[in-house]
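Novice: The structure's right below; bear with me while I get my questions together.
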Amino acid sequence: MNLVCLDMEGVLVPEIWIAFAEESGIPELKRTTRDEPDYDKLMNWRIGILNEHGLGLKEIQAVIAKIDPLPGAKEFLDELRHTCQTVILSDTFEEFAKPLMKKLDWPTIFCNRLLADPGGKITGFQMRCEKSKLTTVKALQAMGYDTIAAGDSFNDLAMIQASKAGFLFRSTEQIKADHPELPAFEEFSDLLAAIQEALD
């Protein structure tokens, strides 16, 4: 039994923090898991910048409302979900993901939670579990599934490497150079074909 695990940002939808950085005029917030392997460090740094500028959940959600899936992403996901059970494993947050999942016709997503005060100031975050993507893939495998995984960032590598088949999608040149053993794709059609081949 196979189950496909996909990253969300950079694979199916644009990077939320990059979109918010551009909208808010705070270029430091363009830093993502493509640049920083330590997610806790990255998120605490982001929260510090938001607080410095007096920005919170409301402002970020207003930007997310304008974000659409990457061109071809919904069609890719629709085709994949007709072929095989598929779940999105993301280090994003429920408070960010919901409007994007609606635009993708409500695929299953496992992600995290933000902590915010009544005024919407982000005070922290709650990870679903430690090493969430790898832990989830291992749990799925313990349930009898063979996992196939795809992602673009440092925080996707563990789930990709632990899976029966794993792929980089629209990743950075540095990550691709560091992991030449991982097939890397730029087009949804090529990723879909690779996943379908791995299912056989």
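Novice: Could you check segment 16-52 and list, in sequence order, the residues that are under 26 Å from Lys138 (Cα atoms) and not aromatic (Phe, Trp, Tyr)?
Specialist: Answer for segment 16-52, where residues must be under 26 Å from Lys138 (Cα atoms) and not aromatic (Phe, Trp, Tyr): Thr32, Thr33, Arg34, Asp35, Glu36, Pro37, Asp38, Asp40, Lys41, Leu42, Met43.
Novice: Among the numbered criteria (1) of a type in the set (Asp, Glu); (2) open to solvent by 20 Å² or more (accessible area, probe 1.4 Å); (3) in contact with a Phe, Trp or Tyr (Cβ under 9 Å, 6 or more places away or on another chain), which single criterion is violated by Asp152?
Specialist: If we test Asp152 against (1) of a type in the set (Asp, Glu); (2) open to solvent by 20 Å² or more (accessible area, probe 1.4 Å); (3) in contact with a Phe, Trp or Tyr (Cβ under 9 Å, 6 or more places away or on another chain), just (2) comes out false.
Novice: Kindly indicate which of Val4, Val63 is modelled with pLDDT of 90 or more and within 14 Å of the chain's Cα centre (by Cα).
Specialist: Result: Val4 is the single residue among Val4, Val63 that is modelled with pLDDT of 90 or more and within 14 Å of the chain's Cα centre (by Cα).
Novice: Checking Leu191 against (1) surrounded by 14 or more Cβ atoms within 10 Å (Cβ to Cβ); (2) out of contact with any Phe, Trp or Tyr (no Cβ under 6 Å at 6 or more places or on another chain); (3) within 18 Å of Cys84 (Cα to Cα), only one condition comes out false. Which one?
Specialist: Every listed condition holds for Leu191 apart from (2).
Novice: Scan segment 62-80 for residues that are at negative phi and in contact with a Ser or Thr (Cβ under 9 Å, 6 or more places away or on another chain) and report the count. Let's see the steps before the verdict.
Specialist: To start, the set of residues in segment 62-80 that are at negative phi comprises 62-71, 73-80.
If we keep only those that are in contact with a Ser or Thr (Cβ under 9 Å, 6 or more places away or on another chain) as well, we get 63, 76-77, 80.
So the count comes out to 4.
Novice: Only one residue in Met159, Met143 is closer than 17 Å to Leu3 by Cβ and open to solvent by less than 30 Å² (accessible area, probe 1.4 Å), so which one is that?
Specialist: Met159
Novice: Related question: Quick one: count up the residues across segment 118-135 that are touching a strand residue (DSSP E or B) at 6+ places or on another chain (Cβ under 6 Å) and open to solvent by 50 Å² or more (accessible area, probe 1.4 Å).
Specialist: Result for segment 118-135: 4.
Novice: Let me ask something else. If you go through segment 135-146 one residue at a time, do you hit one that is closer than 21 Å to Lys74 by Cβ and out of contact with any helix residue (DSSP H, G or I) (no Cβ under 8 Å at 6 or more places or on another chain)?
Specialist: Scanning segment 135-146 turns up no residue that is closer than 21 Å to Lys74 by Cβ and out of contact with any helix residue (DSSP H, G or I) (no Cβ under 8 Å at 6 or more places or on another chain).
Novice: Let me ask something additional. Output the number of the condition that Leu115 fails; it satisfies all remaining conditions of (1) among the aliphatic types (A, V, I, L, M); (2) surrounded by fewer than 21 Cβ atoms within 10 Å (Cβ to Cβ); (3) within 17 Å of the chain's Cα centre (by Cα).
Specialist: (3)
Novice: Looking at (1) modelled with pLDDT of 95 or more; (2) open to solvent by 50 Å² or more (accessible area, probe 1.4 Å), which is the only condition Gln174 fails?
Specialist: (1)
Novice: State the number of residues belonging to segment 172-186 that are outside any helix (DSSP H, G or I) and under 17 Å from the mean Cα position of the chain (by Cα).
Specialist: Total satisfying the criteria: 4.
The values are calculated or read from the model by the stated rules, or taken from the named source; none is laboratory data. These figures come from a predicted structure and were not determined experimentally. Backbone-built Cβ (ideal geometry, glycine too); neighbour counts: all protein chains shown. Please note that ligands, DNA and RNA were not included when accessible areas were found on the heavy atoms of the full protein model with its side chains. Shrake-Rupley method; radii C 1.70, N 1.55, O 1.52, S 1.80 Å.
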